[in-house]
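The values are calculated or read from the model by the stated rules, or taken from the named source; none is laboratory data. Quick caveat, the model's predicted, so the values are computed rather than measured. Quick reminder, even Gly has a Cβ in these numbers, built from the backbone with ideal geometry, and neighbours come from all protein chains shown.
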Amino acid sequence: MIKLGKQTYQLEKDISVVTGLSLVGQKEGDGPLKRYFDFVEKDDKMGEKTFEKGERHMFVKAISSAIKKSGFSNEQIDLYVGGDLMNQLVSSNYTAEELEIPFLGLYNACATMTESLIIGSTFLETGGLNNVICATGSHFSTAERQYRYPLEFGNQRQSYAQWTVTGVGASVLSSVKKSKVKIRKFTVGKVTDFGICDIANMGAAMAPAAMETLNAFFKDTNTTQKDYDLIATGDLGKLGSDIFKDLMQEKGYDLETNYIDCGHMIYNIDQDTLQGGSGAGCSAVVLNSYILNKLNTGEFKNVLLISTGALMSTTVNQQGDSIPCIAHLVLLEVE
Amino acid sequence: MNKYARNERYVAYVENKSPKAGWFESLFHAFLMGAAICCLGQMFSDIIRSFYPMMDLLTVGAWINIIVISLTIIMTALGVFDRLAKYGGAGTFIPISGFANSIASCAIEYKKEGLVFGIGSKMFFVAGPVLVNGVAYSLVVGIVYYIISLF
C-alpha cells in the first residue's frame with residue numbers, strides 16, 4: 001500500500017468487488033432505483049415480532065445471499081466487517097453470531113459502508129486472507145425510535161429533515177477471485193464539525209466533512225472532478241448536496257453533471273421524504289445496486305464514493321454539543 | 001480563519017439556505033385542524049345535551065374529553081393520527097388529542113420491552129415534559145394571580 005499525500009492510500013494488490021447485493025424495504029423499492037435492487041421486502045419486520053429483529057433478519061438474508069451470489073461458501077469468507085446505526089451495533093453483532101464468520105464491528109454512522117470497504121481492502125492487501133464481506137444497513141423504524149420519536153407520535157418534521165433508508169447493502173471483496181470492478185484508492189476522512197447542532201439538519205452537518213475528504217483526495221492524487229465519471233456522496237440529501245456543491249466551489253471544484261447524492265436519488269420527490277434518504281443503508285444499497293451495475297456494464301469507468309456520517313449522540317446533543325461528522329472516500333475502477 | 005468564526009459563518013449560511021416552513025400555510029392548517037376538532041367536540045356536546053338536557057356543563061365536558069381521547073387512541077392504533085398531525089401541526093397537538101396521542105404512541109412503541117419497564121416507564125416519554133411544564137407554569141401564574149388579588 002502506498003501513501004499519497006496526507007490521507008489517501010493506493011492499493012497495490014488487485015482487490016476486486018466480486019459481488020454487490022442490495023436488500024431494501026418497500027418504500028425504497030418504490031423509488032427510482034427499484035430495478036437495480038436484488039430484494040425488495042414488502043414486510044419491513046420480515047415476519048418477526050419487532051423491527052429490531054426484522055433489521056437483523058434483513059442483514060442475515062442480504063449477507064447470506066451476497067455470499068451465495070459470489071459463488072463462495074460461508075467458510076471461504078475470512079472476515080465480515082460492517083455495522084449499523086443501532087446502539088452497540090446490535091443488528092450486526094447478532095448477524096455475525098448467526099453467520100459464524102470472524103467479525104469486526106465498525107461504527108461511523110452513515111459512513112460505515114466506505115469505512116468497511118477501506119478496512120476490508122486493507123486486510124486483503126496484507127495478503128493474510130482472501131475474501132472479505134463488507135455489509136452495512138439501517139432501518140427506518142428502529143432508527144426513529146433510537147434517535148427521534150415513537151412511530152405513531154403525531155408531529156411535523158422539519159422541511160430540511162431526511163428519511164432513514166430501510167435496507168442492507170453487502171459487497172464481497174476478494175484478492176483471489178477476479179472481477180471487473182476494483183478498489184484502487186481510498187481516503188480516510190477526518191472528523192469535521194462546523195458547529196451545526198440541529199439533529200434534523202444532518203445534510204448541512206455532514207456536507208463540510210464530505211468537502212474536506214474530497215478536497216483532500218483531489219489534492220493528494222493531483223486530480224480534479226473532471227477525471228471521474230461519477231462522484232457520489234452518501235446521504236447528504238437535496239439540501240446537503242447543494243451546500244456541498246457550494247463548499248466545493250469555494251475550493252475551486254465545480255461539481256455539476258457527474259455528481260450525484262445517494263440519499264437524494266433513492267426516493268422520488270412525491271414519496272414525502274423531504275430532503276431524501278439517510279442512514280448507514282443509504283450509500284450501501286445504492287453502491288451495491290446502481291453504482292456497481294453501471295460499473296459492470298461499463299457505463300462508468302471510475303467512481304468516487306464518499307459515504308458521509310453524522311456521528312451524533314442524542315445525549316450529548318441535548319447537552320448542547322454540535323454534531324461531529326466524518327466522510328470516507330473509496331475509488332472504484334473498472335479494468 | 002479560526003474555527004469559531006468559520007462555524008459562525010457556516011451556521012448563518014445554512015440557516016439562510018435551509019428551506020423554511022411557510023408560516024401562513026402552517027397557521028392555516030393548524031387553524032383548520034384545531035377548528036375541526038373543536039367543532040367535533042361541540043357536536044358531541046350538543047348531541048349529549050339533546051339526550052340529557054339536565055346534565056351540567058362540567059359533566060358534559062368530561063364526556064367530550066373521554067370521547068376525543070378514545071377517538072385519538074383508536075386513530076393512533078390504526079396509524080391514521082400521525083398523518084392528520086403532519087397536516088395539522090399544533091392544531092392537533094394543542095387540544096387534548098395531542099396529549100392522548102403522545103401517550104398512546106409511546107405505549108405502542110415500547111410495548112415490546114414489557115409492561116413494567118416498557119409501557120410503564122416510557123409511556124410519558126413525550127407527554128412527561130408537557131406535564132412538568134404545565135404544572136410549573138401554572139404554579140407561576142397562580143402566584144402572580146394571588147399577588148395581584150391582594151391589592
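Go through segment A:224-247 and count every residue that is surrounded by fewer than 16 Cβ atoms within 10 Å (Cβ to Cβ) and within 14 Å of chain B (Cβ to nearest Cβ).
Qualifying residue count, segment A:224-247: 1.
Have a look at B:Ile64, B:Ile37 and point out the one that is hydrophobic (A, V, I, L, M, F, W, C), closer than 27 Å to B:Ala100 by Cα and within 14 Å of chain A (Cβ to nearest Cβ).
When all the criteria are applied, what remains is B:Ile37.
Across segment B:99-112, what is the number of residues that are without any contact (Cβ under 8 Å) to a residue 24 or more places away in the chain and within 7 Å of chain A (Cβ to nearest Cβ)?
Of the residues in that region, 3 qualify.
Mind checking which residues of segment A:83-106 are touching a Leu at 6+ places or on another chain (Cβ under 9 Å), without any contact (Cβ under 8 Å) to a residue 60 or more places away in the chain and under 25 Å from A:Cys262 (Cα atoms)?
A:Leu89, A:Ser91, A:Ser92, A:Gly105, A:Leu106
Of the residues that sit in segment A:1-40 and are without any contact (Cβ under 8 Å) to a residue 40 or more places away in the chain and assigned to a strand (DSSP E or B), which one is nearest to A:Tyr267 (Cα to Cα)?
A:Val40
For A:Lys34, all conditions in the list (1) within 21 Å of the chain's Cα centre (by Cα); (2) modelled with pLDDT of 95 or more; (3) farther than 26 Å from A:Val191 by Cβ hold save one; what is the number of the exception?
All conditions pass for A:Lys34, except number (2).
Please indicate, with yes or no, whether at least one residue in segment A:187-208 is buried (at least 24 other Cβ atoms within 10 Å of the Cβ), closer than 19 Å to A:Glu333 by Cβ, in contact with a Phe, Trp or Tyr (Cβ under 9 Å, 6 or more places away or on another chain) and not assigned by TED's automatic domain parsing to the domain that holds A:Val81.
Within segment A:187-208, one or more residues are buried (at least 24 other Cβ atoms within 10 Å of the Cβ), closer than 19 Å to A:Glu333 by Cβ, in contact with a Phe, Trp or Tyr (Cβ under 9 Å, 6 or more places away or on another chain) and not assigned by TED's automatic domain parsing to the domain that holds A:Val81.
Is it true that A:Pro208 is within 11 Å of chain B (Cβ to nearest Cβ), assigned to a loop (DSSP other than H, G, I, E, B) and either touching an Asp or Glu at 6+ places or on another chain (Cβ under 9 Å) or at pLDDT 95 or above (or both)?
No: the conditions fail for A:Pro208.
Determine if segment A:212-223 includes at least one residue that is crowded, with 20+ Cβ neighbours inside 10 Å and either within 13 Å of chain B (Cβ to nearest Cβ) or part of a loop (DSSP other than H, G, I, E, B) (or both).
Yes, segment A:212-223 contains at least one residue that is crowded, with 20+ Cβ neighbours inside 10 Å and either within 13 Å of chain B (Cβ to nearest Cβ) or part of a loop (DSSP other than H, G, I, E, B) (or both).
Can you pull out every residue in segment B:71-99 that is more than 19 Å from B:Met123 (Cβ to Cβ) and touching a helix residue (DSSP H, G or I) at 6+ places or on another chain (Cβ under 7 Å)?
B:Leu84, B:Tyr87, B:Gly88, B:Gly89, B:Ala90, B:Gly91, B:Thr92, B:Ile94, B:Pro95
Taking the condition of being at the interface with another protein chain (Cβ under 10 Å from one of its Cβ atoms) and of a type outside the set (A, V, I, L, M), how many residues in segment A:160-205 meet it?
Looking only at that region, the number is 8.
Just checking, does segment A:73-82 include any residue being within 28 Å of A:Gly203 (Cα to Cα) and of a type in the set (S, T, N, Q)?
no
Mind checking which residues of segment A:158-169 are among the hydrophobic types (A, V, I, L, M, F, W, C) and surrounded by fewer than 22 Cβ atoms within 10 Å (Cβ to Cβ)?
Within segment A:158-169, just A:Ala161 meets the criteria.
Under 8 Å between Cβ atoms, at least 6 apart or on separate chains: pull out the pairs that start in segment B:84-98 with a residue that is more than 9 Å from chain A (Cβ to nearest Cβ) and end on any residue that is surrounded by 21 or more Cβ atoms within 10 Å (Cβ to Cβ) and not β-branched (Val, Ile, Thr).
B:Gly91/B:Met33
Filter the strands (runs of 3 or more DSSP E) completely within segment A:254-335 down to those with at least 1 residues that are among the acidic types (Asp, Glu) and closer than 13 Å to A:Gly240 by Cβ.
A:259-261
Restricting attention to segment A:107-157, report how many residues are surrounded by fewer than 24 Cβ atoms within 10 Å (Cβ to Cβ), of a type in the set (Ser, Thr, Tyr) and either within 14 Å of another protein chain (Cβ to nearest Cβ) or not in a loop (DSSP other than H, G, I, E, B) (or both).
Residues in segment A:107-157 being surrounded by fewer than 24 Cβ atoms within 10 Å (Cβ to Cβ), of a type in the set (Ser, Thr, Tyr) and either within 14 Å of another protein chain (Cβ to nearest Cβ) or not in a loop (DSSP other than H, G, I, E, B) (or both): 5 in total.
Look at segment B:11-30 and say how many of its residues are outside any helix (DSSP H, G or I) and β-branched (Val, Ile, Thr).
Residues that pass the stated criteria total 0.
Which of the residues belonging to segment A:63-94 are part of a helix (DSSP H, G or I), in contact with a Phe, Trp or Tyr (Cβ under 9 Å, 6 or more places away or on another chain) and either within 20 Å of A:Ser179 (Cα to Cα) or not assigned by TED's automatic domain parsing to the domain that holds A:Gly128 (or both)?
The answer is A:Ile63, A:Ser65.
Could you say whether any residue in segment B:7-29 is surrounded by 13 or more Cβ atoms within 10 Å (Cβ to Cβ), more than 10 Å from chain A (Cβ to nearest Cβ) and farther than 30 Å from A:Gly203 by Cβ?
Checked segment B:7-29: no residue is surrounded by 13 or more Cβ atoms within 10 Å (Cβ to Cβ), more than 10 Å from chain A (Cβ to nearest Cβ) and farther than 30 Å from A:Gly203 by Cβ.
For segment A:272-284, does any single residue satisfy the condition of being farther than 26 Å from A:Ala135 by Cβ, at pLDDT below 95 and among the hydrophobic types (A, V, I, L, M, F, W, C)?
Yes, segment A:272-284 has at least one match.
For segment A:167-187, enumerate the residues that are of a type in the set (D, E, K, R) and either over 25 Å from A:Phe218 (Cβ atoms) or not in a strand (DSSP E or B) (or both).
Within segment A:167-187, A:Lys177, A:Lys178, A:Lys180 meet the criteria.
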